[in-house]
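J.: I have a structure here, written as structure tokens, and I will follow up with some questions on it.
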Amino acid sequence: MQAITQTMIEEAAAFIRRTTDIQPEIGLILGSGLGVLGDELEDAVTIPYEDIPHFPVSTVEGHAGELLIGKLQGCNVMLMRGRFHMYEGYEPERTALPVRVMKALGVGKLLVTNAAGGINLDFAAGNLMLIADHINLTGKNPLIGPNDNALGVRFPDMSEAYSKRLRSIAKETAKDLGFELKEGVYVGLLGPNYETPAEIRMLRTLGADAVGMSTVSEVIVARHSGIEVLGISCISNAAAGILDQPLSHEEVMETTERVKEQFLSLVLTVLPKM
Ligand code: HPA
């Protein structure tokens, strides 16, 4: 697999620039079932991933596979409806290519969202969780290979991967809106199978509150690029072994559908304060 080069990033960015005069400031990556936010955009251009040079295409049901640029609550945003996962066969640096392109287009802040299994026993399906930190257990890293110093440093600091400033804004906003926002550690695994109950017990011991198959490579690249990150997980199901029932993508989609109003109001209110 060819490494991501500055030329590839610039070609993708140049293609996107030609489609709109809007210069995005905030990037949004929407996870399974959360793409509904894209419907709220004004003056939007929609670009299918397959049209953008070097972009992968998303192959997962519930992930539309299009990039939108437009205005949301007065903010210029670049929104990904659907993302790329390593379990689809993409190299980690490729799953995070859109983040490099966002940076090239001028994005300084990123809101990442995902659907995740609740490991913390205080969580219920339908809760929203502010991501306080993550654990990368994918065994992969998007920064492997020679470092391009023009993109970021060789050894990026991850001590505040998820911005304290943005987290406190999200917490205050949830409080003002009168709904509960959990907070916890997201652990990213490779997937695509859901975890075994033994793996979930292990992850709980390791300090994880929610588990998913995305996000970590995007956030590593965002931090490498100097982008400030806010992360929100939709707890779509109790993780494996907690309830006496199998896990399914249908359940994940049903839950995200159920909480979409709350998710929308949180994101729409947080955005102008970012
Ligand atoms: N495990 C991993 N990824 C997930 C889950 C889960 O339980 N739910 C949604 N994405």
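J.: Limited to segment 72-84, what total is found for residues that are open to solvent by 10 Å² or more (accessible area, probe 1.4 Å) and either within 21 Å of residue 6 (Cα to Cα) or in contact with a helix residue (DSSP H, G or I) (Cβ under 8 Å, 6 or more places away or on another chain) (or both)?
T.: The number of residues fulfilling the criteria is 4.
J.: Report the residue count in segment 93-123 for those that are closer than 21 Å to residue 213 by Cβ, open to solvent by 30 Å² or more (accessible area, probe 1.4 Å), away from the ligand (no atom under 13 Å from the Cβ) and not in a helix (DSSP H, G or I).
T.: So the answer is 0.
J.: Go through segment 187-211 and count every residue that is surrounded by fewer than 24 Cβ atoms within 10 Å (Cβ to Cβ) and within 12 Å of the ligand (Cβ to nearest atom).
T.: 11
J.: So, residue 252, is that one more than 14 Å from the ligand (Cβ to nearest atom), of a type outside the set (Lys, Arg) and in a helix (DSSP H, G or I) or not? Outline the logic, then answer.
T.: Working: more than 14 Å from the ligand (Cβ to nearest atom): no; of a type outside the set (Lys, Arg): yes; in a helix (DSSP H, G or I): yes.
For residue 252, the condition - more than 14 Å from the ligand (Cβ to nearest atom), of a type outside the set (Lys, Arg) and in a helix (DSSP H, G or I) - is not met.
J.: Would you check if residue 69 is over 30 Å from residue 259 (Cα atoms), buried (at least 19 other Cβ atoms within 10 Å of the Cβ) and aliphatic (A, V, I, L, M)? Quick ask: steps written out before the conclusion?
T.: Working: over 30 Å from residue 259 (Cα atoms): no; buried (at least 19 other Cβ atoms within 10 Å of the Cβ): yes; aliphatic (A, V, I, L, M): yes.
Answer is no for this residue.
J.: If you don't mind, there's one more thing I want to ask. Identify, please: which residue in segment 225-244 is within 12 Å of the ligand (Cβ to nearest atom) and not in a strand (DSSP E or B) and is, among those, surrounded by the most Cβ atoms within 10 Å (Cβ to Cβ)?
T.: Step by step, filter segment 225-244, then rank; the result is 239.
J.: Within segment 16-40, how many residues are of a type outside the set (Gly, Ala, Ser), within 16 Å of the ligand (Cβ to nearest atom) and either without any contact (Cβ under 8 Å) to a residue 60 or more places away in the chain or surrounded by fewer than 22 Cβ atoms within 10 Å (Cβ to Cβ) (or both)?
T.: 0
J.: Now a separate question. Limited to segment 129-182, what total is found for residues that are of a type in the set (S, T, N, Q), open to solvent by 30 Å² or more (accessible area, probe 1.4 Å) and in contact (Cβ under 8 Å) with a residue 24 or more places away in the chain?
T.: Count: 2.
J.: Determine which single condition residue 257 fails, assuming it passes every other condition in (1) closer than 23 Å to residue 85 by Cα; (2) touching a helix residue (DSSP H, G or I) at 6+ places or on another chain (Cβ under 8 Å).
T.: For residue 257, the exception is condition (2).
J.: Give me a count of the residues in segment 5-40 that are not hydroxyl-bearing (Ser, Thr, Tyr) and not in a helix (DSSP H, G or I).
T.: Step one: filter segment 5-40 for residues not hydroxyl-bearing (Ser, Thr, Tyr), giving 6, 8-18, 21-31, 33-40.
Checking the rest, the ones that are also not in a helix (DSSP H, G or I) come to 18, 21-31, 33-34.
Adding up the residues that qualify gives 14.
J.: Looking at (1) touching a helix residue (DSSP H, G or I) at 6+ places or on another chain (Cβ under 7 Å); (2) part of a helix (DSSP H, G or I), can you tell me which one residue 87 breaks?
T.: (1)
The values are calculated or read from the model by the stated rules, or taken from the named source; none is laboratory data. Everything numeric in this text was worked out from a predicted model, so none of it was measured. We place every Cβ from the backbone using ideal geometry, glycine too, and count neighbours over all the protein chains shown. The accessibility values were calculated without ligands, DNA or RNA, using every heavy atom of the protein model including side chains. Shrake-Rupley method; radii C 1.70, N 1.55, O 1.52, S 1.80 Å.
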